[in-house]
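K.L.:
The structure's right below; bear with me while I get my questions together.
Any read-out appearing in this document is the output of simple, stated calculations on the displayed coordinates, not a laboratory observation. Everything numeric in this text was worked out from a predicted model, so none of it was measured. Quick reminder, even Gly has a Cβ in these numbers, built from the backbone with ideal geometry, and neighbours come from all protein chains shown.
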Ligand SMILES: [Zn+2]
């Protein structure tokens, strides 16, 4: 009897948490974005470790997104708070350390459930020819 179990063994591909930039809506791995947090005590800070409590928003590590965020008040929107001039100065100072733009994110496969239907699956040779 042919045993048809063809289970692929091995380690599962590591799950990469994805986040979306509040400005350009690009989805990137969380660690490629900068988290900005409205802390519980009030100030809006840059959370480089991603551990701060509070409401967070993500921006790309590129100046264009930060500049646009300031212009469009995207952070105020996302964090639902006003960003004080002091906090904003901090954000602007940080933005200046970033590259103007980033290359587009590599087209990474988005998890397992996205089956990439390539051309034809490698057909096993012992299939009955469906001649019709
Ligand atoms: Zn962005």
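K.L.:
Given R₀ = 35 Å, FRET efficiency for residue 41-residue 15 by Cβ-Cβ distance, to 0.05?
P.N.:
Step by step, r from the Cβ atoms, then E = 0.60.
K.L.:
Let me ask something else about it. At 0.36 nm per residue, minus the direct Cα-Cα distance, what do residue 92 and residue 73 gain on full extension? Give it in nm, one decimal, please.
P.N.:
Full-extension gain reported as 5.5 nm.
K.L.:
Among 77, 15, which comes first, second and so on when ranked by fewest other beta-carbon atoms within 10 Å?
P.N.:
15, 77
K.L.:
Testing the spin-label approximation: label points 7 Å from Cα along Cα→Cβ at residue 8 and residue 101. State their distance in nm.
P.N.:
Spacing of the two 7 Å Cα→Cβ label points: 3.5 nm.
K.L.:
Same structure again: First obtain the Kirkwood hydrodynamic radius of the range 18-96 from its Cα pairs, then insert it into the Stokes-Einstein equation at 20 °C and 1.002 mPa s, and state the resulting D in µm² per second as a whole number.
P.N.:
176
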